[in-house]
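Written below as structure tokens is the structure these notes are about.
Rule-based calculations on the coordinates, nothing more; no lab input. As the structure is a prediction and not an experimental result, all values here were calculated from the model. When we count neighbours, we look across all protein chains shown, and the Cβ atoms used for this are built from the backbone with ideal geometry, even at glycine.
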Amino acid sequence: MVEFDTIAAISTALGEGAIGIVRLSGDQAVEIADLIYKGKDKLESVPSHTIVYGYITDPRTNERIEEAMISIMRAPKTFTREDVVEINCHGGILSVNRVLQLALRNGARLAEPGEFTKRAFLNGRIDLSQAEGVMDLIRAKTDRAMDVALNQVEGRLSNQIRLLRQALLETVAHVEVNIDYPEYDAETMTHHILKEKAEYVLKEIDKLLTTASQGKILREGISTVIIGRPNVGKSSLLNSLVHENKAIVTDVPGTTRDVIEEYVNVRGVPLKLVDTAGIRETEDIVERIGVERSRQVLKEADLILLVLNYGEVLSEEDRALFEVVKDMNVIVIVNKTDIEQRIDLDAVRELAKTRPLVTTSLLLDEGIDQLEQAIADLFFEGDIEGGDLTYVSNTRHIALLEQASSTIKDSLEAIDMGVPIDLVQIDITRTWELLGEIIGDSVHESLIDQLFSQFCLGK
Ligand code: GDP
Ligand code: ZN
């Protein structure tokens, strides 16, 4: 095991703002906690995995800082596999901060973002894809995204990757046997068997990759832009989406971008409604941020909600909007069905082509269900309720899987061309390495640092 100093950070539980936890991890965690704790017993004498009650006290001044419940968890059965002490404070953020400062003054070092999880990884408690799952959990925006991340933490993706690597390794081993002992009477690794294995691995990798776009969307949210002529009901649509659905609180800080984002959860699909404030204030995204900027926003959008007016004939402007979004994911919404029809729905259908078309009366609150269903269908294709699939949602994993898919394809081509088996083996070994990088079996140290620095502080 690697030697580490003792780290400390505020690690407040998901969704709970009021309670603060100061977490210490490392060889001296208990020792340091003892310096700043006054209670019935010394923490050093307390058995592992127990909680004690007492006061956090400044040893210099004897001042009581905070009433606290303290959990003592000794290595190796802890998240980091080191000694861990968690100080649960019930005061506000201020007193939590004072407890942390006290720990730091008495020998702990402030943890870097993700350092607890990094230690769990380095100490072999979890693999890299699980560590990244923890990170996704922290950021998960809907229950479904949470499920995906949880799956990853539980190691489902890791297990699948391990199975594939095992299959590749066996293949390589067979080849080695045949090279080293040509006279050995084992099953000869014929092109045929090699091909079978490679095809199996390719099929499984591609299966994982087909889940990738959905996984990524679950993680990052579908960036959605509402467009339409003035007065068709864009703001009304936005409001009903926001009000009918749980708004997702996001910790993405207000960046320098002039685009404001709002998250809502529509049947498990996290919609990131882009530039909603702009639409709200000026009714017109183009007017507010200019043509160029709005083109950019449209270009980055995953989903366009194109709104038309049921009570007006299709205008040139409407047709132009269809042209602008012709290569995009679009749901066409014909709004204001409560007033007299003037729009030609057949013409709309023709413009919409195969895209979903929904009619609504936002005034009467009609059609929202169908719209929400259309959104869900578009991104879930109806059949993943069971949640049994392993989603690949992490960009790094996707990139590695894509490379692995392409190298195993190379090996299949080589097999078909009759390239000698020991040469084919190079691609197979490369595939094995690439898959290994997903679970962290062969990753470079700087990559590890970079990955873990993306974590929230205290995780
Ligand atoms: P925007 O300019 O596209 O953002 O349109 P708004 O959402 O601001 O709506 C323009 C007007 O149409 C407002 O007076 C709304 O109350 C009204 N409106 C919105 N949806 C409907 C609807 O379904 N039926 C009717 N009759 N009026 C609606
Ligand atoms: Zn409006």
Note: residue 159 to residue 347 extended length (0.36 nm per residue) minus current alpha-carbon separation gives 62.6 nm
Karplus-derived 3J(HN,Hα) from phi for region 63-70 (6.51 cos²θ - 1.76 cosθ + 1.60, θ = phi - 60°), whole Hz, x at Gly and Pro, runs 6, 6, 8, 6, 7, 8, 9, 10
Computed over region 7-127, the relative contact order (Cα-Cα under 8 Å, seq sep at least six) in percent reads 30
Going residue by residue through region 393-406, the Karplus relation 6.51 cos²θ - 1.76 cosθ + 1.60 with θ = phi - 60° gives ³J(HN,Hα) values, rounded to whole Hz and with x marking Gly or Pro, of 10, 8, 4, 5, 5, 4, 4, 5, 5, 5, 5, 5, 4, 6
Given a Förster distance of 22 Å, the FRET efficiency implied by the Cβ-Cβ spacing of residue 312 and residue 267, rounded to the nearest 0.05, works out to 0.15
With x for Gly and Pro, the residue-by-residue ³J(HN,Hα) of region 325-330, computed from phi through the Karplus equation 6.51 cos²θ - 1.76 cosθ + 1.60 at θ = phi - 60° and given in whole Hz, is 9, 5, 9, 10, 6, 10
Taking a crude spin-label model, label points 7 Å out from Cα along the C-beta direction, the residue 173 to residue 101 distance in nm is 5.9
Extend 7 Å from the Cα of residue 231 along its Cα-to-C-beta direction; within region 296-328, residues with backbone N under 12 Å of that point are 309, 311-313
For residue 328 and residue 441, extending 7 Å from Cα along the Cα-Cβ vector and measuring point to point gives, in nm, a value of 4.3
Residues whose modelled amide H sits under 5 Å from the amide H of residue 228, counting only those 5 or more places away in sequence or on another chain, are 307
At R0 = 22 Å the Cβ-Cβ FRET efficiency linking residue 69 and residue 147, nearest 0.05, sits at 0.10
Non-local residues with an amide H under 5 Å from the amide H of residue 9, with H modelled 1.01 Å from N and Pro and chain starts lacking one, are 23, 111
Counting only residues 5 or more apart in sequence or on a different chain, those whose built amide H sits under 5 Å from that of residue 334 are 308, 358, 359, 360
